[in-house]
1. In Å and on Cα atoms, what radius of gyration and Dmax does the range 268-328 show?
2. Mind telling me which of ALA85, ALA250, ALA66 comes out most flexible in a GNM of the chain, alpha-carbon contacts under 10 Å?
3. In the structure displayed, which of LYS93/LYS262; LYS166/LYS343; LYS249/LYS286; LYS262/LYS286; LYS74/LYS166 lie more than 25 Å apart, Cα to Cα?
4. Amide H to amide H, which residues 5 or more places from HIS210 or on other chains are under 5 Å from it, using H placed in the peptide plane?
5. Against the 2.2 N^0.38 Å scaling, with N counting residues, where does the range 198-350 land? I'd like the Cα-based Rg ratio to two decimal places.
6. Near the amide H of LEU319, under 5 Å away, which other amide H atoms are found, from residues 5 or more places off or on another chain, if H is placed in the peptide plane?
7. Enter the per residue convex hull volume of the range 161-241, computed from alpha-carbon coordinates, in Å³ rounded to the nearest integer.
8. Using a Gaussian network model on the chain with a 10 Å cutoff between Cα atoms, which of ILE137, ILE206, ILE40 fluctuates the most?
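The values are calculated or read from the model by the stated rules, or taken from the named source; none is laboratory data. Bear in mind that the values here come from a model prediction, so they are computed numbers and not experimental data. Areas reflect the complete protein model, heavy atoms only, side chains present, ligands, DNA and RNA absent. Shrake-Rupley method; radii C 1.70, N 1.55, O 1.52, S 1.80 Å.
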Amino acid sequence: MQKSASASSLGPGGLDLTDMFFKPIQNTSPPSPTKRHTKISVIGAGNVGMAIAQTILTQDLADEIALVDAQPEKLRGEMLDLQHAAAFLPRTKIIASTDYTVTVGSDLCIVSAGARQIAGESRLNLLQRNVALFRGIIPPLAKYSPGTILMIVSNPVDVLTYVAWKLSGFPSNRVVGSGTNLDSSRFRFLIADHLDVNAQDVQASIIGEHGDSSVALWSSISVGGVPVLSFLEKKQIPYEKETLERIHKAVVDSAYEVISLKGYTSWAIGYSAANLARSILRDQRKIHPVSVLAKGFYGIGDGDVFLSLPAQLGRGGVLGVTNVHLTDEEAQRLRKSAQTILKVQSQLGL
């Protein structure tokens, strides 16, 4: 079910128009060997997967996109729908198949396949339904693209990033979860809305679990380069800790609210995944709060656990973790978040 039939041949007998339509240039040299052909595979053609694919297409992040899903008819429909928009998009080859051979040679594999989160359902409750799916997804991706970077978007993302790491056998720098990159965007939006400023001028992060035990780094929030809490204290402007907690709770509850209203989340996570793909494939070396192997960072020492930390991303995947100063309370909450995830992982037997 790969790309739809090409129109380079027309009519009975297949008159090939390619050589007739173009007159070749004489004495040409081959393309530069440094030119890269960038390929991204998106696993899962549901609402999230297609939002990711569509955003990647419109942002011109890949020369080729491969879609994989277990439902062949829906998959072909999604592929054709994107192909029919070719006149409005940058030139990108779009292919699709239920067979993982279509992903061969991928630079980045984004996994969004999984059971849909039900309204009111905790992300951690999705685990057992999704681990079984990953056993049929990750090994073939590693087989056909042994040098790829795996980006996990499926929930619960931290535990499933750990599962993908174990099943792939990849070094930890080439397995990353979308983590709290989207949570941090929601956090920045709410702070910006509260202060009536542009969200791009707000520097704020959520770390830890992508879920209920996440940690808001209030101590390092700044707006236009001005540290917010220290500014308020210096100016002796009172603020209530309960107000900060309400904003953090709104971040945690925001996905549940969207799910209760429209049945699923898609657009924001699509932009978030494309944002991470850009940093990785274009070697941007930007800092993102994403799910990485956290052992050895910020006092997390017990067991192999993936959770979101401020990490630098580039062509090699995870390049490093930044040394952000945490208050004692923030560090304690982060370690508690790690224990929450480890408790669930211990039941997997991987």
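1. Computed over the Cα atoms of the range 268-328, radius of gyration and Dmax are 12.4, 36 Å.
2. The residue that fluctuates most here is ALA85.
3. Details: LYS93/LYS262 31 Å; LYS166/LYS343 17 Å; LYS249/LYS286 27 Å; LYS262/LYS286 32 Å; LYS74/LYS166 30 Å.
Over 25 Å Cα-Cα: LYS93/LYS262; LYS249/LYS286; LYS262/LYS286; LYS74/LYS166.
4. Result for HIS210 returns ASP158, SER308.
5. The range 198-350 yields a ratio of 1.12.
6. GLN312, LEU313, GLY314
7. Values: hull volume 9.0 nm³, N = 81.
Dividing the Cα hull volume of the range 161-241 by its residue count gives 112 Å³.
8. ILE137
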